[in-house]
Amino acid sequence: MRNDHDIEKQMDAAYESGRIRRETVPQAIAAGYDATTGRVTVELSNGTRFEFPASQAQGLERATPEQLAQVEIMG
């Protein structure tokens with residue numbers, strides 16, 4: 001049976017694991033849609049930025065410019 005001390009240790013370990021992951025694995029920090037080019041842009045925490053045509057992305061090919069303008073980072 002787990003006690004409070006064991007649970008606290010597990011939570012501390014999980015927080016530390018998350019901290020290390022945030023520092024070492026690039027994460028999406030910004031996203032947007034450029035209606036003039038039809039491209040979605042994603043910026044990562046390591047400074048990398050990439051873009052792609054929304055019309056070529058599975059699930060976005062039928063989205064309207066208004067829908068694409070609402071792109072957001074989740075998770």
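The values are calculated or read from the model by the stated rules, or taken from the named source; none is laboratory data. Small disclaimer: the values here were computed from a predicted structure and weren't measured. With ideal geometry, Cβ positions are generated from the backbone for all residues, glycine too; neighbour counts draw on all protein chains shown.
Pairs meeting the criteria (first residue in the range 29-53 and within 13 Å of Glu72 (Cβ to Cβ) and assigned to a strand (DSSP E or B), second residue modelled with pLDDT of 95 or more and of a type in the set (Ser, Thr, Tyr), beta carbons under 6 Å, at least 6 apart or on different chains) are Gly32/Thr41; Val40/Tyr33. Would you mind stating whether Asp6 is modelled with pLDDT under 95 and either surrounded by 10 or more Cβ atoms within 10 Å (Cβ to Cβ) or at negative phi (or both)? Against the criterion (modelled with pLDDT under 95 and either surrounded by 10 or more Cβ atoms within 10 Å (Cβ to Cβ) or at negative phi (or both)), Asp6 qualifies.
Scanning the range 33-54 for residues that are hydrophobic (A, V, I, L, M, F, W, C), in contact with a helix residue (DSSP H, G or I) (Cβ under 6 Å, 6 or more places away or on another chain) and surrounded by 14 or more Cβ atoms within 10 Å (Cβ to Cβ) returns Val40, Ala54.
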